[in-house]
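Participant: Take this structure, written in structure tokens, and hold onto it; I'll ask about it next.
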Amino acid sequence: MFEIFLPESACRSRADGYRGPLPSPWPRTPIAPLRARIDKEIAGGPDDAQARLLFEYGPRFLRDAKEAALDSALTERQIAVCTAILVLAQPHGRFASQEPPCLHAAGFVAIEDSCRRDVLAGRRSHAQVTVALRAYARAITGRDLADSP
């Protein structure tokens with residue numbers, strides 16, 4: 001399922017029976033994908049139009065089955081991306097976890113959604129939420145996202 005995130009050469013090598021180490025699809029900084037996800041998923045501030053639109057759209061999916069299906073698809077896609085980051089990092093020794101990555105990913109998405117609301121309401125800043133999400137990432141991965149440039 002997650003082969004779509006690997007370089008084509010890595011997939012071809014395994015398909016050809018190669019059992020040696022695969023080229024890493026990760027950037028030089030192993031924590032960069034998770035850090036980038038955190039930085040991009042949080043509202044920039046109370047005036048972030050895209051984040052506000054998504055938040056204000058919320059009540060519609062409570063009343064409309066078609067809208068609920070769209071919201072579910074968006075949430076599942078967010079969880080899938082976050083799960084892929086964690087799953088693909090584990091064999092490279094980037095992250096260690098006692099729980100399945102999909103559980104952490106679902107929690108991460110839920111926390112991001114809640115924090116997005118706090119930023120839009122002006123209760124917390126983007127910087128405060130970023131610190132909190134990085135602390136959560138450190139708790140589930142054992143890696144400090146601020147360690148590397």
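Participant: Which peptide among 67-73, 43-49, 129-135 comes first, and what is the full order, when sorted by highest mean count of other Cβ atoms within 10 Å?
Facilitator: Sorting 67-73, 43-49, 129-135 by mean packing, highest first, produces 129-135, 43-49, 67-73.
Participant: Also, I was wondering about something else. Averaged per residue, what accessible surface does the stretch 70-124 expose to a 1.4 Å probe, in Å²?
Facilitator: For the stretch 70-124, the per-residue accessible area is 49 Å².
Participant: How compact is the stretch 48-149 by the rule of thumb for globular proteins, expressed as Cα Rg over 2.2 N^0.38 Å?
Facilitator: 1.20
The values are calculated or read from the model by the stated rules, or taken from the named source; none is laboratory data. Just so you know, these numbers come straight off a predicted model, no measurement behind them. In this analysis, Cβ positions are derived from the backbone assuming ideal geometry, glycine residues included, and neighbour counts consider all displayed protein chains. Just so you know, the surface numbers come from the protein's heavy atoms only, side chains and all, with ligands and any DNA or RNA stripped out. Shrake-Rupley method; radii C 1.70, N 1.55, O 1.52, S 1.80 Å.
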